[in-house]
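Data block below; observations after.
The values are calculated or read from the model by the stated rules, or taken from the named source; none is laboratory data. Because the structure is a prediction, the values reported are computed rather than measured. Cβ placement follows ideal geometry from the backbone for every residue including glycine, while neighbour counts extend to all protein chains displayed. Remember, those area values only see protein heavy atoms, side chains included, never the ligands or the DNA or RNA. Shrake-Rupley method; radii C 1.70, N 1.55, O 1.52, S 1.80 Å.
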Amino acid sequence: MATHAIKKVRKLDERHLTRQRWARVGWVYGTMLALAIFFIGPFYVAYLGSLKDNPLEWPFRYSFAQTQPKNWVAAWRLGLLGAGNPWLGGFAPGASIPFQVSYFLEEGQEPQTPLVTVPTRRAGAGLGAIFDEVQAAQYAQVSEVLELSRRPAVLSGRPGQIVTYGFTLRYPRQEGVSQPVIPRLPLDIEAPRGQQYYAATLEPSRLERRGRVASWDSAAPGFFGYVFRNYVRVFGEARDPNSGASFFLRWTTNTFLVCIAVVLSTLLFASLGGYALARMYLPGKNYLFAFIVFTMTVPSQATFISNYLVLRDLGLLGSLWGMVVWSAVGAGAIFIMKQFFESIPREVEEAALIDGASPVTTFFRIILPMATPALGALTILTFQGMWNEFFKAAVVLSGQQANYTLPLGLSFFRSAYGVAGDWGLMLASAFLSMIPIIILFVVFQRYFVEGVSTSALKG
């Protein structure tokens with residue numbers, strides 16, 4: 001009996017310990033999940049806002065037209081009917097687009113045919129308002145609006161009926177005449193008083209005049225043109241008034257060129273300088289290293305006037321090369337490489353010297369390949385720093401819109417579109433600017449962790 005009791009107590013203790021372990025695991029993972037939601041939640045909300053036509057709507061909805069699969073399918077089909085392009089849509093000669101809209105009428109109310117128009121409407125605010133655009137209103141024809149069906153329904157406790165109307169949007173083809181493919185097909189449907197919008201072939205971009213007018217920015221948008229409309233606008237609407245080229249593409253290219261040039265120069269000079277300070281016998285190198293560390297404490301804002309004057313005398317103001325020269329190498333990069341090289345055993349270099357390798361051969365063929373973790377970490381830090389660099393770009397590139405980098409370009413978007421309250425385009429451009437950094441970190445994550453963990457070690 002005593003043995004049986006002891007076994008029972010042991011089983012209870014094991015179960016208690018198991019519950020404690022699982023409770024600790026639950027607390028750890030629960031805390032991590034809460035922190036992830038806390039930090040990622042705002043980005044998720046901002047991403048959803050970038051898809052909306054009105055990101056400032058309140059209360060904020062997590063389910064809306066652009067997130068519903070039925071609208072994805074409808075936008076795809078309408079883009080295919082409009083211009084044969086299911087991705088970006090449009091309105092091409094010969095197009096014939098059937099469209100339906102339904103309204104709710106309370107019991108006892110007689111339905112009246114809504115008014116369908118293709119309005120003259122510019123692409124958007126900001127830069128989109130200064131370009132002349134071919135308007136679909138000049139070529140579109142709207143067929144007679146016909147009542148298709150009626151069915152009884154109860155909406156919000158009110159009995160009544162749902163009436164569905166149908167019509168067709170056409171772009172007549174004229175033989176022997178050159179007709180343009182129109183990128184957008186705006187559409188407005190105004191309902192008589194008392195008729196409440198219920199549904200349509202494609203959910204409208206907005207309801208105006210207290211819901212009486214359902215308005216579409218394009219009735220043939222295509223999948224990307226409807227779901228990611230603001231992202232499409234970033235590339236297509238924000239263009240250089242002189243050349244017509246996409247500002248965002250130009251700014252992205254400029255930023256990539258500056259980042260790549262600065263990363264390459266930083267890797268070269270920082271590795272050479274770090275190796276010299278770590279391995280070579282130079283008179284006063286400790287004082288030189290102390291001075292380099294001291295310069296890390298001096299903000300760039302304290303030296304920008306002298307740098308500005310130097311770049312002005314060299315004729316590099318307004319040029320991307322001015323950004324490269326100013327940021328070619330930093331004291332922090334030299335510090336990271338020096339600390340990493342000191343963690344490499346000297347026996348490696350001594351063995352190379354015995355085998356007859358010169359110092360240059362030893363550095364480039366033996367030491368530098370061993371520094372891959374530090375170089376990977378330095379690549380991420382330098383690329384990210386230059387990708388987000390605003391102050392230097394504002395000093396060097398001010399006034400040269402075609403030579404802007406992305407941070408300066410996003411600031412320009414804010415001044416161009418913020419006045420009009422077009423926050424959807426600004427949110428979309430901000431998210432697009434994040435993608436290269438995310439990809440870079442995913443690719444170099446292993447090197448980044450290794451580099452950070454070993455850069456302060458001594459050999």
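Which residues make up the longest stretch of the chain clear of GluC sites (Glu not before Pro) that lie in a DSSP loop with no more than 11 other Cβ atoms within 10 Å, not counting the sites?
176-459
Give me the net charge of Phe363's neighbourhood, meaning all other residues with Cβ under 11 Å from the Cβ of Phe363; Lys, Arg count +1, Asp, Glu -1.
That sum, taken over residues with Cβ under 11 Å, equals +1.
Run the simple label-point estimate for Leu288 and Leu353 please: 7 Å along Cα→C-beta, distance reported in nm.
1.8 nm
If I model a spin label at Tyr281 and Gln141 as a point 7 Å from the Cα along the Cα→Cβ vector, what separation in nanometres do I get?
Each label point is offset 7 Å from its Cα along the Cβ direction, giving 9.4 nm.
In debye, nearest 20: dipole of the stretch 94-176 around its Cα centre with unit charges on the Cβ of K, R (+) and D, E (-)?
In debye, rounded to 20, the stretch 94-176 gives about 160.
Given a cut-off of under 8 Å on Cα pairs at least six residues apart, what relative contact order in percent is computed for the stretch 171-226?
Relative contact order comes out at 38 percent.
Sort Asp240, Asp53 by heavy-atom solvent-accessible area, probe 1.4 angstrom, most to least.
Ranked list, largest accessible area first: Asp53, Asp240.
Working from Cα positions, state the angle (0 to 90°, nearest 10) between the long axis of helix 247-279 and the longest principal axis of the chain.
10 degrees
Which ³J(HN,Hα) values in Hz, rounded to whole numbers, follow from the phi angles of the stretch 318-323 under the Karplus curve 6.51 cos²θ - 1.76 cosθ + 1.60, where θ = phi - 60° and Gly and Pro get x?
Whole-Hz 3J(HN,Hα) from phi for the stretch 318-323: x, 10, 5, 5, x, 5.
Post the alpha-carbon centroid distance, the stretch 224-260 to the stretch 144-213, in whole angstrom.
33 Å
Using only protein heavy atoms and a 1.4 Å probe, report how much of Leu257 is accessible, in Å² to the nearest 10.
Rounded to the nearest 10, that gives 100 Å².
Are there trypsin sites (Lys or Arg not before Pro) in the stretch 187-221 that DSSP marks as loop and that have at most 13 other Cβ atoms within 10 Å, and which are they?
Answer in residue order: Arg193, Arg209, Arg210.
Give the value in nm², to one decimal: projected area of the alpha carbon convex hull of the chain, averaged over all directions.
For the Cα atoms of the chain, the hull's average projected area reads 40.8 nm².
What net charge do the residues around Ala276 carry, taking every other residue with its C-beta under 14 Å from that of Ala276, with Lys and Arg at +1 and Asp and Glu at -1?
+1
Considering only protein heavy atoms and a 1.4 Å probe, what is the carbon-and-sulfur percentage of the accessible area of the chain? Numbers along the way, then the final one.
Numbers: 16110 of 25520 Å².
About 63 percent, which is the carbon plus sulfur part of the accessible surface.
Taking a probe of 1.4 angstrom, what is the accessible area of Ile354 in Å², to the nearest 10?
Roll a 1.4 Å probe over it and Ile354 shows about 140 Å².
Please compute the modelled spin-label separation between Arg19 and Thr295, points set 7 Å along Cα→Cβ, answer in nm with one decimal.
Calculated label separation equals 6.4 nm.
Add -39500 (n - 2.57) for each DSSP H run of 4 or more in the chain, then divide by its residues: what number comes out at 222 nm, to the nearest 500 deg cm²/dmol?
Computed ellipticity for the chain at 222 nm equals -16500 deg cm²/dmol.
From Cα pairs below 8 angstrom and at least 6 apart in sequence, can you work out the relative contact order of the chain, rounded to a whole percent? Intermediate values should be presented prior to the final figure.
Values: 668 pairs, mean separation 79.2, N = 459.
Dividing the mean separation by the residue count of the chain yields 17 percent.
Any chance you could look up the accessible area of Asp217 with a 1.4 Å probe, heavy atoms only, rounded to 10 Å²?
20 Å²
So which aspartates and glutamates can Lys52 reach, going by Cα to Cα under 14 Å and dropping same-chain residues fewer than 8 places off?
Glu203, Asp217, Asp422
What does the charge count around Ile162 come to, taking other residues whose C-beta lies under 15 Å from its C-beta (Lys +1, Arg +1, Asp -1, Glu -1)?
That sum, taken over residues with Cβ under 15 Å, equals -1.
Leaving out ligands and nucleic acids, and using a 1.4 Å probe, what accessible area per residue does the chain come to in Å²?
56 Å²
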